[in-house]
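Contents: one structure, followed by commentary.
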Amino acid sequence: MSKDKVDIFDTTLRDGEQVPGCKLDTEQKLIIAERLDYLGVDIIEAGFPISSPGDFKSVDQISRLIKNATVCGLTRAVKKDIEVAAEALKHAKRPRIHTGIGTSDSHIKYKFNSNKETIIERAVAAVAYAKTFVEDVEFYAEDAGRTENDFLARVCEAVIRAGATVLNIPDTTGYCLPDEYGAKMKYLKENVKGIDKAKLSCHCHNDLGLATANSIAGVINGARQIECTINGIGERAGNTALEEVVMILRQHPYLGLDTNINSKLLFDTSQMVSQNMGMMVQPNKAIVGANAFAHSSGIHQDGVIKNRETYEIIDPADVGVNESSIVLTARSGRAALAYRAKLVGYELTKLQLDEVYQEFLKFADRKKEVLDDDIHFIIEATGLNIESVS
Ligand code: KIV
Ligand code: ZN
């Protein structure tokens, strides 16, 4: 079955960098941008050029460096922002301006002290102005997650007429449920005149832990771009995690959707971003966490040793992890102990294994995790004369 392509719009360097205390310098941003290009992302959101001279410099230098991906700069619906972004992007092979404005009642009333008609006018003016600098203009309707669908459709229709090539529908506060976010995309697909001229994009925040689920609901309902970050980093509880959406689409081929990402680079990219940002990846993080392919309970270990697929839906090699790990703890069984003992050079007979296992249990009760060196000690402690062949 031929698959529909979902564009991956990486915003690690913009929304991702809005994590408190995780500022990157230009050098680090260049290294990460190059890595994202190599990973296969379609669009790199390099920064918010008007926000600081440092951000301008980073967007300018990333624009000069990147060979394949589109390079994008964020703006508000403000002329000066758009001019500065256009200047920062002028050396990009494929430049994109990402402009927009809040569309929910709360943004219109409290942020802008404005009204719906004026918001549409400002949105249209921003897109039309951005179009005078670049062909590729993405419009974001900030807080679209809490914007009524009929007004959102009116805004989308107006900005498509002004030339928007991509319509970003952000769930800025991470409020939506997957059904609701999916239904929003479906509504826009079915009710916005001219929708075929633009691509719908998902931009979801993780305040309720639903960013990935919402993005997947979005693409199932017609969106063809996902905005995400490596390790799901970002403002507050973060953004949709790139590695998660990529692997969900790959593990569910019947959805008929795929990306250009080289998944074998996911683990290394995750580590690289984590180190540069000084932000550790939680061990139980899906796809790239240290425990994502580690098995510690006896029943699971026995299954995985017999056949990896009993307890793993992803081949670790597909995301660049060498192999599944069998972690020895007090909950491990004989199969796991025999497996790990063999890796350090001991072929145990059934009788030997029974004795070593009793010694192992006493040891494991005192220690959280039994390591390779401990296995030698445990075997010695049994008094059995078993030689290691390694
Ligand atoms: O979450 C959001 O609404 C954003 C926009 C600025 C695109 O990050
Ligand atoms: Zn955001």
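Just a few scattered comments:
- Accessible area of the stretch 1-83 belonging to carbon and sulfur atoms, whole % at 1.4 Å probe: 52
- Rounded FRET efficiency, nearest 0.05, which uses the C-beta distance separating Glu121 from Ala290 and R0 of 56 Å: 0.65
- Descending by average beta-carbon neighbour count within 10 Å, the peptides 278-284, 257-263 line up as 257-263, 278-284, the highest first.
- Percent of beta bridges antiparallel (DSSP, the chain, rounded to nearest 5): 5
- Computed with a 1.4 Å probe over protein heavy atoms only, the accessible surface of the stretch 4-277 comes to 39 Å² per residue.
- The stretch 294-382, accessible surface, carbon-and-sulfur percent (1.4 angstrom probe): 52
- Cα gyration tensor shape for the stretch 253-328, rounded if a/c is under 1.5, else prolate or oblate: oblate
- Per-residue surface analysis assigns Lys93 an accessible area of about 140 Å², computed on protein heavy atoms at 1.4 Å probe radius.
- Taking only the alpha carbons of the stretch 294-382, we obtain Rg and Dmax values of 13.2, 40 Å in that order.
- Every Cα-Cα pair of the stretch 250-295 was included, and the share exceeding 12 Å stands at 68 percent.
- Total charge dipole magnitude, the stretch 159-291, about the Cα centre, Cβ charges on Lys, Arg, Asp, Glu only, Debye to nearest 20: 420
- Extension gain (nm, one decimal) between Asp373 and Asp354, 0.36 nm per residue minus Cα-Cα: 4.9 nm
- If you take the alpha carbon atoms of the chain and fit the smallest convex hull around them, that volume is 155 Å³ per residue.
- Across the chain, the relative contact order, built from alpha-carbon pairs under 8 Å that are at least six residues apart, equals 13 percent.
- Compared with the alpha-carbon gap, the fully stretched path from Arg366 to Leu384 is longer by 4.3 nm at 0.36 nm per residue.
- Approximate spin-label separation Glu148-Asp207, in nm, with each point projected 7 Å along Cα-to-Cβ: 2.1
The values are calculated or read from the model by the stated rules, or taken from the named source; none is laboratory data. Everything quoted here is computed from the prediction, not taken from an experiment. Here Cβ is always computed from backbone atoms with ideal geometry, including for glycine, and neighbour counts include all displayed protein chains. Ligands, DNA and RNA are excluded from the accessible area calculation, which covers all protein heavy atoms including side chains. Shrake-Rupley method; radii C 1.70, N 1.55, O 1.52, S 1.80 Å.
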